[in-house]
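Below you'll find the structure, written out as structure tokens, and then a few comments.
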Amino acid sequence: NNEKSVPQLLIRDLTFEKKPLAKLMFSPDQENHPSKAPVKYGELIVLGYNGSLPNGDRGRRKSRFALFKRPKANGVKPSTVHIACTPQAAKAISNKDQHSISYTLSRAQTVVVEYTHDSNTDMFQIGRSTESPIDFVVTDTVPGSQSNSDTQSVQSTISRFACRIICERNPPFTARIYAAGFDSSKNIFLGEKAAKWKTSDGQMDGLTTNGVLVMHPRNGFTEDSKPGVWREISVCGNVFSLRETRSAQQRGKMVENETNQLQDGSLIDLCGATLLWRTAEGLSRTPTVKHLEALRQEINAARPQCPVGFNTLAFPSMKRKDVVDEKQPWVYLNCGHVHGYHNWGNKEERDGKDRECPMCRSVGPYVPLWLGCEAGFYVDAGPPTHAFSPCGHVCSEKTTAYWSQIPLPHGTHTFHAACPFCAHQLAGEQGYIRLIFQGPLD
């Protein structure tokens, strides 16, 4: 097993055919119906799912949600402000047929802001509730969970009516995010304990219990992207620095020169799940599932081999992304040497977790490799040459480098980098590793 005598190749050494892949770079919408496609504002993709929810996507509960222009505008904008002296008076003001936000200042005073129809915007609501006003039902993400039963025992920290996104119906179709969503009686209710205040122009504003955090990347969502700064968005869409902890009573400082406008690659954290916003334009430049499938077939066509068993390795099809296949490539996470599954170097005193690589003798975790199938997480269309550590999800070098720099909110006051495909916290010096494959010996 002398390393020097064995032919090795990195995936980047393979010749990837440029021509057929170029055809696959169009988004699915452009392929199917170029002229009659409804206007798509963008898509929300939940971090931690590799293309679909563990038990499959159903109805409004799925791993990604597309926002299309509605047949009829359903947006709302603030209109009349009422100051009520009793909760009963406030109830009377908040008409069931009209959207309103109630701010309870004390037992003696509630301010009700009525909202009126806005024919220029469409509204989409996101939250944990399955009631009809919620367009996209989001539940807590449990890192690496294989089924929804894994997620049910956790006490949810996601608000039932977490946030709303308002999209302009006319170009450039700007999308803006606001904390809190309207419930079935078209009301947002900020109780006595919620952080709320009167603004300089006499309007009301407030924050939700666990808050809605947003991060806009610098340089857009491209191979040059860099992480931005996490901010909190208020009920009226103003931007604030973070509170000391998620639900602290004291709001952060207002950030005057930033807005609640979403951009390609913006991250939205709902305290229990993080969503990635991709604009329709951004998605049109992103690799499609067909493109990823072509890359998978090209790796497999190069017939990488296990340097121990000399058997040919192959990435399983995208549909079989949870079942370990006998030809599945495995990797030693400390060095990046790719093998087939074998029992070499599995010493009992290492409690079965760490293994010694037969190629270079470095000791570390030994895990199966999985292709990252959720194309929306890729910052470029490069070949799958790198894997996240410790989960083994494989994608392009630029994509692993980008996500390894992003501090994602975790719990109520910590942040850590995680794999976008499974939400596992990243480990090791940089959170990812370059893969070293061995070519066929013939």
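Here is how the numbers come out for the structure above:
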item	result
Between helix 289-301 and the chain: long-axis angle, C-alpha atoms, 0 to 90°, nearest 10	10 degrees
Helical mean residue ellipticity (222 nm; -39500 (n - 2.57) per DSSP H run of 4+; nearest 500) of the chain	-2500 deg cm²/dmol
Burial order of peptide ranges 96-109, 294-307 (average beta-carbon count within 10 Å, highest first)	294-307, 96-109
Cross-link table 226/253; 40/290; 186/398; 62/198, entries beyond 32 Å C-alpha to C-alpha	186/398; 62/198
In Hz, Karplus ³J(HN,Hα) per residue of region 302-315 (6.51, -1.76, 1.60; θ = phi - 60°; x = Gly, Pro)	6, 6, x, 10, 7, x, 9, x, 6, 8, 6, 9, 8, 6
Given charges at Cβ of Lys, Arg, Asp, Glu: the chain dipole, positive-most of 109, 342, 175	109
Sequence ranges 355-366, 251-262, ranked by mean other-Cβ count within 10 angstrom, highest first	355-366, 251-262
Given charges at Cβ of Lys, Arg, Asp, Glu: region 289-434 dipole, positive-most of 418, 369, 317	317
Relative contact order (%) - criterion: Cα under 8 Å, at least six apart; region: the chain	17 percent
Ordering of 240-246, 45-51 by packing [mean C-beta count within 10 Å, highest first]	45-51, 240-246
Heavy-atom surface of region 289-434, accessible at 1.4 Å and reported per residue (Å²)	42 Å²
Sequence-distant residues sharing a close amide H with residue 180 (under 5 Å, placed H)	163, 164
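The values are calculated or read from the model by the stated rules, or taken from the named source; none is laboratory data. Note that this is a predicted model, so its numbers are computed, not measured. Using ideal geometry, Cβ is built from the backbone for each residue, glycine included, and neighbour counts are taken over all protein chains shown. These area figures cover heavy atoms from the full protein model, side chains too; ligands, DNA and RNA do not enter into them. Shrake-Rupley method; radii C 1.70, N 1.55, O 1.52, S 1.80 Å.
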